[in-house]
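Peer 1: First, the structure itself, so that you have it in front of you.
The values are calculated or read from the model by the stated rules, or taken from the named source; none is laboratory data. Just so you know, these numbers come straight off a predicted model, no measurement behind them. Cβ: placed from backbone, ideal geometry, glycine included. Neighbour counts: every protein chain shown.
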């Protein structure tokens, strides 16, 4: 797919906004990952234990075993970091979006925004079904429909390189 084929139906403003959205979400993921990596005391244990709703038993079971918590911590720290880098650099963009959505779905299932649930950990507001996490999931799904890594990103260069092979 050539650059002109990808952007032929987008205005410059649409192209800019799609790429900016991908980069901003990437920064958000990257920062969240790095903060967890540099904090030696960070653990997902409290978040897992605070889980409520239909899937709470699954998340509580994860928290019950130290080795599982260690794996969850590793996947959170490095998953967030690599998803963020992928989105910011536009490299393996579709893969980064897929795993970002998967991670966010786990967060959503762990802490569903229901009126009947009160969490120990502070929430940003009072929500019913739709919260920041769900909005991020839908936003990333929209980005999956647009090849922004092929517009501005390393995916563009990799696809050109692969065509030459």
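Peer 1: If the requirement is being closer than 18 Å to residue 24 by Cβ and either in contact with a helix residue (DSSP H, G or I) (Cβ under 6 Å, 6 or more places away or on another chain) or modelled with pLDDT of 80 or more (or both), which of these qualifies: 114, 103, 109? It would help to see each step written out before you state the result.
Peer 2: On the way: 114 fails: closer than 18 Å to residue 24 by Cβ; 109 fails: closer than 18 Å to residue 24 by Cβ.
On inspection, the qualifying residue turns out to be 103.
Peer 1: Closer than 17 Å to residue 18 by Cα and out of contact with any helix residue (DSSP H, G or I) (no Cβ under 7 Å at 6 or more places or on another chain): which single residue out of 120, 138, 130 fits that description? Full working, then the answer.
Peer 2: Details: 120 fails: closer than 17 Å to residue 18 by Cα; 130 fails: closer than 17 Å to residue 18 by Cα.
Of 120, 138, 130, the one residue that is closer than 17 Å to residue 18 by Cα and out of contact with any helix residue (DSSP H, G or I) (no Cβ under 7 Å at 6 or more places or on another chain) is 138.
Peer 1: Between a first residue in segment 38-50 that is closer than 21 Å to residue 61 by Cβ and a second residue that is at pLDDT below 95 and assigned to a helix (DSSP H, G or I), which pairs have beta carbons less than 6 Å apart while being 6 or more apart in sequence or on different chains?
Peer 2: none
Peer 1: Further, regarding this structure: Could you grab me the full set of residues in segment 138-165 that are modelled with pLDDT of 85 or more, assigned to a loop (DSSP other than H, G, I, E, B) and farther than 15 Å from residue 14 by Cα?
Peer 2: 153
Peer 1: So which residues in segment 73-94 are crowded, with 19+ Cβ neighbours inside 10 Å and farther than 23 Å from residue 141 by Cβ, if there are any at all?
Peer 2: If the condition is that a residue be crowded, with 19+ Cβ neighbours inside 10 Å and farther than 23 Å from residue 141 by Cβ, then 77 is the only one that fits.
Peer 1: Scan the helices (runs of 4 or more DSSP H) fully inside segment 1-109 and keep the ones with 1 or more residues being under 16 Å from residue 145 (Cα atoms). Quick ask: steps written out before the conclusion?
Peer 2: Numbers: elements: 3-7, 12-38, 45-49, 56-63, 66-89.
Output list reads 3-7, 12-38, 66-89.
Peer 1: Looking only at segment 41-58, how many residues end up being modelled with pLDDT under 95 and surrounded by fewer than 11 Cβ atoms within 10 Å (Cβ to Cβ)?
Peer 2: Adding up the residues that qualify gives 1.
Peer 1: I would also like to ask the following. I need every pair where a residue in segment 141-162 that is on the phi > 0 side of the Ramachandran plot and surrounded by 13 or more Cβ atoms within 10 Å (Cβ to Cβ) has its Cβ under 7 Å from the Cβ of a residue that is at pLDDT 90 or above and assigned to a helix (DSSP H, G or I), sequence separation at least 6 or different chains.
Peer 2: 153/89; 153/93
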